[in-house]
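A.B. asks: Let me give you the structure first, and then I'll get to my questions.
Values in this text are rule-based calculations from the coordinates and carry no lab data. Remember, predicted model here, so these are calculated numbers, not experimental data. Cβ sites come from the backbone with ideal geometry, for glycine too, and all protein chains shown count toward neighbours.
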């Protein structure tokens, strides 16, 4: 299966804040000035970047580009996340999976897992 459907209860969201660090205020100010006044030829268009990611997705998954091009924006975003942002298994976890979803997939295990989830 290329894509999975998730219910809201299955999702966990993390907000990541990434800041730019500069050697000094002068370097920061120079970057900010460029960023605020950059012309189109100095910044890659989003569409160009998305198309490049689509091409890479086709190569990696060995699927037709028509399938990728038929995805709606949310499906495409999920495909990008699943392919390009792999999260490693936790190093200290006894079960390196989301065992809370097992209750939904295999209700007979609910008595054993309900205290963990």
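A.B. asks: Fewest first, what order do 84, 102 take by the number of other Cβ atoms within 10 Å? List each step's numbers first, then the result.
C.D. replies: Details: 84 11, 102 18.
Listing 84, 102 from fewest to most nearby Cβ atoms yields 84, 102.
A.B. asks: With the Cα gyration tensor of the stretch 44-87 giving a ≥ b ≥ c as the square roots of its eigenvalues, does the rule (a/c under 1.5 for rounded; else a/b larger than b/c for prolate; else oblate) give rounded, prolate or oblate?
C.D. replies: It is rounded, given that a/c, with a ≥ b ≥ c, falls under 1.5.
A.B. asks: Kindly put 39, 70 in sequence by how many other C-beta atoms sit within 10 Å of each C-beta, fewest to most. Write down the numbers at each step before the final one.
C.D. replies: Numbers: 39 6, 70 10.
With the fewest neighbours first, 39, 70 line up as 39, 70.
A.B. asks: Could you list 78, 9 in order of exposure, starting from the residue whose Cβ has the fewest other Cβ atoms within 10 Å? Please list the in-between numbers first.
C.D. replies: Numbers: 78 16, 9 9.
Starting with the residue having the fewest Cβ neighbours, the order is 9, 78.
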